[in-house]
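One structure below.
The values are calculated or read from the model by the stated rules, or taken from the named source; none is laboratory data. The shown structure was predicted, so the numbers you read here are calculated from the model rather than taken from an experiment. With ideal geometry, Cβ positions are generated from the backbone for all residues, glycine too; neighbour counts draw on all protein chains shown. Just the protein is used for accessible areas: all its heavy atoms, side chains included, with ligands, DNA and RNA removed. Shrake-Rupley method; radii C 1.70, N 1.55, O 1.52, S 1.80 Å.
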Amino acid sequence: MALHKLLVDDFYDASFSLLAIHCRLEDYQLAYLLNKHLHLNLSRKPNDLDYNYFAAAFSIYEWENERLDIVWHLVSNICKTEEAALQSSGSLFQNETTVTRTFNLLPELKTVDFLLKISNEYKNLNEKLILNQIQAIPQVITAYSVNIDQIKSKEHLIFD
């Protein structure tokens, strides 16, 4: 008897574009600039994305263009948290030291500051035009398209 094996990844068809944005702005400043230059209406969702058992929270902005059936998500890729450092009790005085830990939403893209996910079922989106408009923002260092097939942690891009 022949054994048939079905892989779930075989049926996965990415119906979204993913853009990486490098800039040193705060998330709300970048959302404002994207709204202004791309004529969007991104607004912050009430709850942040929580991963690693609430160790890291990533801010997320969303806008659903119902007329064109496109959903835009702007999400921070970097989360920095401060924790109390463990130290030996051999000293006379109590010195409270903290350690900053960095978490990434997509570990494959450690240097990327923000991700712009554009969900579009019909794929009638001019990605090159959008990238040119983002790169025209003076505060943005660079922006480029990400190959979704090279990302191992695609489940982190499910926001609903």
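Accessible area per residue was computed with a 1.4 Å probe on protein heavy atoms; Thr98 scores about 90 Å².
One equal scatterer on each Cα of the range 26-160, no solvent, Debye formula: the resulting log10 I(q)/I(0) at q = 0.13, 0.16 Å⁻¹ is -0.63, -0.89. Ordered from largest to smallest accessible area (heavy atoms of protein chains, 1.4 Å probe), the residues Tyr28, Tyr144, Tyr61, Tyr51 come out as Tyr28, Tyr144, Tyr51, Tyr61. Applying both filters, DSSP loop and at most 12 other Cβ atoms within 10 Å, to the GluC sites (Glu not before Pro) of the range 36-73 gives Glu66.
Per residue, how many Å² of accessible area does the range 56-160 show with a 1.4 Å probe? For the range 56-160, the per-residue accessible area is 64 Å². Full extension of the chain segment joining Glu96 with Asn124 gains 4.6 nm, where the gain is 0.36 nm per residue of separation less the Cα-Cα distance. Spacing of the modelled spin labels on Arg44 and Lys154, each 7 Å from Cα toward Cβ, amounts to 3.2 nm.
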